[in-house]
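Chemist: Here it is, the structure, as C-alpha cells.
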Amino acid sequence: MDAPVWLALAVFGGLAAVPSLAGDYWTGQLARYVLFGLFAVSLALVWGRAGILCFGQAMFFGAGGYAMALLTLGIVEVPGLSGAWPALALAVVLAAALALLLGFFLFWGAGISGAYLAVVTLALAVILEQVVRGWPLLGESTGLSSVPALPVGDNPWDPKPTYYVLLAIAAAVYFGLVALLASRFGVLLTALRTHPQRLAYLGYSVVALRIAAFVLGGAVAGLAGALFVATDRFASPSLIGFALSAEVLIWVALGGRSVLLAAFLAAIGILIVQGFLSEALGEWWLLALGALFMVSVALVPNGLLATPLLWLQSRLRRAP
Amino acid sequence: MATLELEDVHRHFGGVKAVDGVDLVLERGELRALIGPNGCGKSTLFNLITGALRPTAGRIRLAGRDITGLPPHRIARAGIGRKFQVASVFDDLSVEDNLAIAAWTRGRRGQHLPLAALLTRLRLAERRATLAGELSHGERQWVEIGMMLAAGPSVLLLDEPTAGMTAAETAATVDLIRDIAATGDVTVLVIEHDVGFLERLDCAVTVMAKGRILRTGSFADMRADPEVRALYFGTAA
C-alpha cells in the first residue's frame, strides 16, 4: 500500500512547478535532492517493503555513480558503447550486478537476515569506501571530477532542462515501482516482510525473493547515483560509504519506510531544511537531526509522513 | 501406493533422540491423528517431513518420491502443506490476498480462483477484505487452513489446529477437516491434545512416546489401551 495516486501526481506536479517559482540556484539544488529522493525510494523498497534492513545502500548509489564517471570520462571503454545514455544504462546494470553478487553471498550463501544483515552491509559499505579511497583508477580520495553532464538542452548553464529530465525519470521509476508493488510481486514482498517462514512453507523461495528485491533496490539506487554524478559532475568516495548509507536510512525512517512517497519527500524535505539550518546552526544541525530521528523512532515508528498517509489509506479502505 | 512414507527416520540432537526410528505410512485420502505427551517428538516429526530439519537417518517419500532433506519451499511445492500451532498468516495482507498467495503456487491465476466458495466454507466471506492481523484468533486459524486448501496439497499436516478456539469454532473445524479428508484427495495428519476434538474427529490415531511410534489404532482402542491411557489420557479416562 503506497500513497494515493492523486497525491503522488500532486507531489510531482508541484516539483515540476518549482523552476518557474524559484531561481536557477534552487532548481539546480532540487535536481540533486530529487535524485537523493529516488535513492531513498530504493531503500524504502528494500527495507520498508521487503523487510531487508540494508545499512549499506550507498554501495549501489556509489557504484552507479563511479560506473557513470568511468564510462563517460573514457577511463574505461566498452566497445560499441558511447554517450551518456548507454553509459547510464550500463551503470544501472553494474549496480544491479553488484547487488546480485552481494545478494547471493548474503542470502543464499551465508543465509544472513535481520540485524546481522544490517551489520554486515554496514561493514561492506565501510570496506568498499576504503577500497575506493585507495584505488588510483577511481581517483583515490580525490574522486573523479569533470564528469560530462547529461546531454540535455542547448545551454549548459540553464539547470531547468536537466531538472525536468531528472524529475521525469524519478516520476517514471516511482510510478513503475508503485505499479510493480500493486502486482503479485508486491503482494509477495509484503508476505516476505510479514512472515518469511510461512511463505517458504507455501512453496516460495524466500532467498530468491530477497535477492530479487535487493537487486531491484540496487538498480534504482545505481540509477540515482549515476544521474547524481552526471548532474554534480563529480564522483567522490563519500557517495559509496557509511555516512551516506546512514543518512539515507535516517531520511527513510523519518519519512516512513513502508511508503515510497514518504521516503522520497522526506529526503527532499530534510535536505532543503538542512540547507537553511546548517547555515544557522552549523554542526549543531546534525544534533537536531539526530534528536528528531530518536523522537520519531520512539513516538512515530511508522514515520512522520507515512503515519498520516497510512491512517488516510486505512480510513478509505474501511469506508463503505 | 502410500502418499506419505517415513522409513526408519531418526533425528538426534546431541545425545537426545527426539525421533528414534519412526516408520509411518499414510494412504491417499487418509485422516490420521498423531498424539503423545509433550516432548515425545510430534512437532520434530512435522519438522522433518516439511524440511525444517534434516533427518539424522532414514528416508521420507511423498508418492514414491524421495523428499528427504529438501528445503521447505521445495517440499511445499511437492505437495505437503503445513499449518502451524500458532496461526501463521500474513498480518499486513487481506484475507483474500492470504489465500491468493497460496493459490498462486498451483499455477492458477488469482482471478480464476474459486475464492468465494472457499471463503464461504471458512465462514470468512464477510471478512475477505479485512487485514488478517485484525481477525480473531479462531478466524486466523481458519485463514491458515484456507491457505493450505488454496495451495492444493496432497498431504496436509495440521499442528493443533483448534488451539485457542471456542467450542463452536472447534466443532466447525472438526467438520472442515473431515470434509477435506472426505474428498479422498488429501491425506491429513493432525497433531492435537484436545481429547474431545479427537473423539469427534473419529479417525485412526497414532501414539508417539519418547521419539517412537507406540501404537496405531482407532480412537476407542487407544483410549482403552492401558499403556496409552497411562501415558496420555491419564488413568481416570
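The values are calculated or read from the model by the stated rules, or taken from the named source; none is laboratory data. None of the values given here were measured: they were computed from a predicted structure. Don't worry about glycine lacking a Cβ; one is built from the backbone with ideal geometry, like all the others, and counts go over all protein chains shown. Surface accessibility is based on the protein's heavy atoms, side chains included, excluding ligands, DNA and RNA. Shrake-Rupley method; radii C 1.70, N 1.55, O 1.52, S 1.80 Å.
Chemist: Within 10 Å of each Cβ in A:187-196, how many Cβ atoms from other chains are there, averaged over the peptide?
Modeler: For this peptide, the per-residue mean of nearby foreign Cβ atoms is 5.
Chemist: For a quick check, take a GNM of chain B with Cα springs below 10 Å and name the residue from B:Ala172, B:Ala132, B:Ala224 with the largest mean-square fluctuation.
Modeler: B:Ala224
Chemist: Out of residues 5 or more away from B:Val190 or on other chains, whose amide H comes under 5 Å of its own, with H placed 1.01 Å from N in the peptide plane?
Modeler: Those lying under 5 Å, H to H, from B:Val190 are B:Arg32, B:Ala33, B:Leu34, B:Leu158.
Chemist: Is the shape of segment B:100-205 rounded, prolate or oblate, going by the alpha carbon gyration tensor and its root eigenvalues a ≥ b ≥ c, with a/c under 1.5 for rounded and a/b larger than b/c for prolate?
Modeler: Since a/c reaches 1.5 but b/c is at least a/b, the shape of segment B:100-205 is classed as oblate.
Chemist: Considering the zone a paramagnetic label at B:Val16 would reach in this model (a point 7 Å from Cα along the Cα-to-Cβ line), which residues of segment B:41-69 have amide N under 20 Å from it?
Modeler: B:41-57
Chemist: Let me ask you something else. Under the 0.36 nm per residue contour assumption, what length would be gained going from the current alpha-carbon distance of A:Ala22 and A:Ala243 to full extension?
Modeler: Length gained, A:Ala22 through A:Ala243: 76.6 nm.
Chemist: Enumerate the amide H contacts of B:Leu93 below 5 Å, restricted to partners 5 or more residues apart or on another chain; note that Pro and chain-start residues carry no placed amide H.
Modeler: The list, which skips near neighbours in sequence, is B:Ala132, B:Gly133.
Chemist: For segment A:9-163, what is the convex hull volume of the alpha-carbon atoms per residue, in Å³?
Modeler: 147
Chemist: Amide H neighbours of A:Leu53 under 5 Å, at least 5 residues apart or on other chains, H built in the peptide plane: list them.
Modeler: Excluding prolines and chain starts, which carry no amide H, the hits are A:Gly114.
Chemist: Between A:Gln197 and A:Thr142, how high is the FRET efficiency from 1/(1 + (r/R0)^6) when r is the Cβ-Cβ distance and R₀ = 41 Å? Nearest 0.05.
Modeler: Calculated value: 0.30.
Chemist: Tell me the mean residue ellipticity at 222 nm calculated for the protein assembly as shown from its helices only (DSSP H runs of n ≥ 4, each -39500 (n - 2.57), averaged over every residue, nearest 500).
Modeler: -17500 deg cm²/dmol
Chemist: I would also like to ask the following. Rounded to the nearest 10 Å², what accessible area does B:Asp23 have for a 1.4 Å probe in the complete protein model?
Modeler: Approximately 90 Å² for this residue.
Chemist: Specify the inter-centroid distance of segment B:162-237 and segment A:1-39, based on alpha-carbon positions, in whole Å.
Modeler: Cα centroid of segment B:162-237 versus Cα centroid of segment A:1-39: 63 Å apart.
Chemist: Using the Karplus curve 6.51 cos²θ - 1.76 cosθ + 1.60 with θ = phi - 60°, what ³J(HN,Hα) values do you get for each residue of segment A:231-246, in whole Hz, with x for Gly and Pro?
Modeler: 7, 7, 6, 7, 10, 10, x, 5, 7, 10, x, 5, 4, 5, 4, 5
Chemist: Which FRET efficiency, nearest 0.05, do A:Arg315 and B:Ala125 yield, Cβ-Cβ r, R0 30 Å?
Modeler: The calculated FRET efficiency here is 0.80.
Chemist: Can you tell me which of B:Pro153, B:Pro114, B:Pro37 moves the most in a GNM of chain B? Springs connect C-alpha atoms under 10 Å apart.
Modeler: Among B:Pro153, B:Pro114, B:Pro37, the largest mean-square fluctuation in the Gaussian network model of chain B belongs to B:Pro114.
Chemist: Over what distance in Å are the Cα centres of segment A:271-305 and segment A:167-240 separated?
Modeler: A separation of 26 Å, based on Cα centres.
Chemist: Describe numerically, in nm with one decimal, the distance between label points set 7 Å from Cα along Cα→Cβ at A:Val297 and at A:Ala168.
Modeler: 4.1
Chemist: Under the √(5λ) rule applied to the eigenvalues of the Cα gyration tensor, what semi-axes describe the equivalent ellipsoid of the protein assembly as shown? Give them in Å, descending.
Modeler: Semi-axis lengths for the protein assembly as shown are 55, 25, 20 Å.
Chemist: Let's see if you can work this out: charge +1 on each Lys and Arg Cβ, -1 on each Asp and Glu Cβ, no other charges. What is the dipole magnitude of segment A:115-207 about its Cα centre, in debye to the nearest 20?
Modeler: In debye, rounded to 20, segment A:115-207 gives about 520.
Chemist: Relative contact order for segment A:5-248: what percent, with Cα pairs under 8 Å and sequence separation of 6 or more?
Modeler: 43
Chemist: What nm value, rounded to one decimal, do you get for the distance between B:Glu227 and A:Ala280 when each label is placed 7 Å out toward the C-beta?
Modeler: Output for this residue pair reads 8.2 nm.
Chemist: Next question, about the same structure. Between beta-carbons, use under 15 Å as the cut-off and find the net charge around A:Gly176, counting Lys and Arg +1, Asp and Glu -1.
Modeler: That sum, taken over residues with Cβ under 15 Å, equals 0.
Chemist: Just grab the label-to-label distance for B:Asp23 and B:Arg215, each label 7 Å out from Cα along the Cβ direction, in nm (one decimal).
Modeler: Those two pseudo-labels are separated by 2.0 nm.
Chemist: Classify segment A:176-320 as rounded, prolate or oblate from the Cα gyration tensor: take a ≥ b ≥ c as the square roots of its eigenvalues, call it rounded if a/c is under 1.5, otherwise prolate when a/b beats b/c and oblate if not.
Modeler: Verdict is oblate for segment A:176-320.
Chemist: While we're looking at this one, here's another question. Under the Karplus relation 6.51 cos²θ - 1.76 cosθ + 1.60, θ = phi - 60°, what is the ordered set of whole-Hz ³J(HN,Hα) values for segment B:25-31, x standing for Gly and Pro?
Modeler: Going residue by residue, I get 10, 10, 7, 4, x, 7, 10 Hz, with x marking Gly and Pro.
Chemist: If you don't mind, another one. Mind running the shape call on segment A:66-145? Use the C-alpha gyration tensor, a ≥ b ≥ c as the square roots of the eigenvalues: rounded below 1.5 for a/c, prolate if a/b tops b/c, oblate otherwise.
Modeler: In terms of gyration-tensor shape, oblate.
Chemist: Turning to a different aspect of this structure: Taking the Cα atoms of chain B, what is the range of coordinates along each of the three principal axes, in descending order and whole Å?
Modeler: Extents along the principal axes, in whole Å: 49, 40, 33.
Chemist: Can you run phi through the Karplus equation (6.51, -1.76, 1.60; θ = phi - 60°) for segment B:218-231 and list ³J(HN,Hα) in whole Hz, with x for Gly and Pro?
Modeler: Once rounded to whole Hz, the list reads 6, 4, 4, 4, 5, 5, 8, 6, x, 5, 5, 4, 5, 6.
Chemist: Quick check: residue separation of A:Phe185 and A:Leu287 times 0.36 nm, minus the Cα distance between them. What number comes out in nm?
Modeler: Difference between extended and current length: 32.8 nm.
Chemist: Pick out which of A:Ile169, A:Ile268, A:Ile75 has the largest mean-square fluctuation in a Gaussian network model of chain A, springs linking Cα atoms closer than 10 Å.
Modeler: A:Ile75
Chemist: Right, here's the next one. Rank by packing, highest mean first: peptides B:203-214, A:124-135, A:36-47, A:78-89, with packing defined as the count of other Cβ atoms within 10 Å averaged across residues.
Modeler: Result, highest mean first: A:36-47, B:203-214, A:124-135, A:78-89.
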